[in-house]
Amino acid sequence: MNAFQGVDIEINNILNLLTNNIYRVYNDLQVGQTHQITIPRSDNLDKSIYRLSILKIVSDYTIDWNANQYTVTLHRLTDNEYLTNLKIYLSRYKTPDYVRDAEAKIVNANDINMLERCIKYIVSFAYN
């Protein structure tokens, strides 16, 4: 498995995970609520789940190697919390000015929702 599949492929992997496995449960949760789901394991999901854990939409996950599945704990957040969690992550590696500029880019992006804006930013950041 190639660990660096490219920005577009990795973003698509995460968006597919959200669409196929997460949104159907996540969108029904109230802010602050958690819910555990199982997802069949595949190599391209490891990194996707990790990226979602950075944003804290995934608050915990385990891999059951025998059952070949993930057990994922989802945590419903607000748009502001996605952005705050991304800023905390970025601040580990970059200056406050960089983080402020990143926030402005994310807030002004034209993507559908804040979660997807943050996902696209975090993947692009990892590749640069």
* Asked: Right, L77: at pLDDT 95 or above, part of a loop (DSSP other than H, G, I, E, B) and under 18 Å from I112 (Cα atoms) or not?
  -> yes
* Structure fact -> Going through (1) more than 17 Å from N128 (Cβ to Cβ); (2) assigned to a helix (DSSP H, G or I) one by one, N110 fails only at (2)
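Filter segment 47-83 for residues that are β-branched (V, I, T) and out of contact with any strand residue (DSSP E or B) (no Cβ under 7 Å at 6 or more places or on another chain); which is nearest to I37 (Cα to Cα)?
Among those that are β-branched (V, I, T) and out of contact with any strand residue (DSSP E or B) (no Cβ under 7 Å at 6 or more places or on another chain), it is I54.
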* Asked: Any chance segment 25-33 includes a residue that's surrounded by 11 or more Cβ atoms within 10 Å (Cβ to Cβ) and without any contact (Cβ under 8 Å) to a residue 40 or more places away in the chain?
  -> no
* Assess whether V58 counts as being farther than 22 Å from A126 by Cα and either in contact with a Pro (Cβ under 6 Å, 6 or more places away or on another chain) or modelled with pLDDT of 95 or more (or both). => no
* Structure fact -> Of the listed residues (D46, D97, D60, D28), the one being acidic (D, E) and either part of a strand (DSSP E or B) or touching a helix residue (DSSP H, G or I) at 6+ places or on another chain (Cβ under 7 Å) (or both) is D60
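The values are calculated or read from the model by the stated rules, or taken from the named source; none is laboratory data. These figures come from a predicted structure and were not determined experimentally. No Cβ is skipped: glycine too gets one built from the backbone with ideal geometry, and neighbour counts run over all protein chains shown.
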